[in-house]
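The values are calculated or read from the model by the stated rules, or taken from the named source; none is laboratory data. Here the structure is a predicted model, which is why all the values come from computation and not from measurement. For neighbour counting, all protein chains shown are included, and Cβ atoms are generated from backbone atoms with ideal geometry for every residue, glycine included. Note: accessible area is taken over every heavy atom of the protein model, side chains too, but ligands, DNA and RNA are not part of it. Shrake-Rupley method; radii C 1.70, N 1.55, O 1.52, S 1.80 Å.
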Amino acid sequence: MCPECALQFTEQVYLMVQNPDCPACREVASAAWKERWARLKVTSISEIPELAAAWADDADPRTVMVGDFGMRKFRCSAGHMPRISPSRFLDAGCPHCRGVRSQENKQWLADISPELAKQWHPTRNGRYTPANVVWDSKPGSVDRVGW
Ligand SMILES: [Zn+2]
Ligand SMILES: [Zn+2]
């Protein structure tokens, strides 16, 4: 049962692990996403203060829409000058700063799931241990070493 909208539905467990949304909420989210996107297509950079402040592109920010796909130059508060699409900068911020943050915030399997860590095979995972594998690591990065 969905904790958000109380809809009861059936779904495979592994799909719920990957994407724990209910069908109704997913529908609502995708409608909201489409609506937001339609709005960004007609909203210029100059109308969004945080984008306007970071704008470092040659183009006039009043003529560039946030929903445009082209790469633009921005300058973040740390002085990086990434070239990314405006909507990406709006949603995710500076990719350089984010890279630094995600290194700091890595959540290791051993910390997140001691239960799972206990089941880790001591010799068949090569150099991987629960202390150096992130909890949401993709299978491809580990299965090479012989599962
Ligand atoms: Zn729901
Ligand atoms: Zn930055």
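For the pair L7/V134, report the inter-label distance in nm, with labels modelled 7 Å from Cα in the Cβ direction.
3.0
Cα centroids of the stretch 111-129 and the stretch 1-68: how far apart, whole angstrom?
Centre-to-centre distance over Cα atoms comes out at 36 Å.
Once phi is turned into ³J(HN,Hα) by the Karplus curve 6.51 cos²θ - 1.76 cosθ + 1.60 with θ = phi - 60°, what whole-Hz value does each residue of the stretch 33-45 show in order, with x for glycine and proline?
5, 4, 5, 4, 5, 4, 5, 5, 5, 10, 9, 7, 3
So if I place +1 on the C-beta of Lys and Arg and -1 on the C-beta of Asp and Glu, and nothing else carries charge, what would the dipole magnitude of the chain be about its Cα centre? I want it in debye, nearest 20.
520
Over the C-alpha atoms of the chain, what are the Rg and the largest Cα-to-Cα span, Dmax, in Å?
That works out to 21.0, 59 Å for Rg and Dmax.
At q = 0.11, 0.14, 0.25 Å⁻¹, work out log10 I(q)/I(0) for the stretch 11-88 with the Debye formula, treating every Cα as an identical point scatterer and leaving solvent out; two decimals please.
Per q value, in the given order, log10 I(q)/I(0) is -0.43, -0.59, -1.06.
Please list the non-local residues whose amide H lies under 5 Å from the amide H of R72, H modeled 1.01 Å from N, same-chain partners needing a gap of 5 or more.
Here I84, S85 satisfy the definition.
What's the local net charge at P61, with K and R +1, D and E -1, over the other residues with C-beta under 10 Å away?
It works out to a net charge of -1.
Could you order F69, F74, F89 by accessible surface area, starting with the largest, using a probe radius of 1.4 Å?
Largest accessible area first, the residues go F69, F89, F74.
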